[in-house]
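**Q** Dumping the structure here so I can ask a few things about it.
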Amino acid sequence: MSDKEKPIIKFKDHPYEIALWRKENEHGTFYDGSLTYSYKDQAGSYQNIKLPMDGAHLGRVIALLQAASFERLGHRTVDREQA
């Protein structure tokens, strides 16, 4: 499976976005993700920073996954993109 394929979920809650991919290898199925922060620079252009999905950002990752889960169940409406 290629990273060029669409994620199984892509969820935006400005200024953050989380995306998750299902991948497979010889050991089976696993999941990979990315956390991105967007901002407007001094020139007025939008910039994206890929944040590590580590302990420092774990709270944001969990909150975004919960929001995406609620959205899929129809409990919440926010700016989102889903695969």
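**Q** Which numbered condition trips up residue 44, out of (1) more than 19 Å from residue 69 (Cβ to Cβ); (2) at pLDDT below 90; (3) in a loop (DSSP other than H, G, I, E, B)?
**A** Of the numbered conditions (1) more than 19 Å from residue 69 (Cβ to Cβ); (2) at pLDDT below 90; (3) in a loop (DSSP other than H, G, I, E, B), the odd one out for residue 44 is (2).
**Q** Now for a different question. If the Cβ limit is 7 Å and pairs must be 6+ apart or interchain, which residue in the range 44-57 that is surrounded by 11 or more Cβ atoms within 10 Å (Cβ to Cβ) pairs with which residue that is not in a strand (DSSP E or B)?
**A** Final answer for the pair search is 51/57; 53/61.
**Q** Here is a further query. Would you pick out the residues in the range 51-62 that are assigned to a helix (DSSP H, G or I) and farther than 11 Å from residue 17 by Cα?
**A** Passing the criteria: 55, 56, 57, 58, 59, 62.
The values are calculated or read from the model by the stated rules, or taken from the named source; none is laboratory data. Note that this is a predicted model, so its numbers are computed, not measured. No Cβ is skipped: glycine too gets one built from the backbone with ideal geometry, and neighbour counts run over all protein chains shown.
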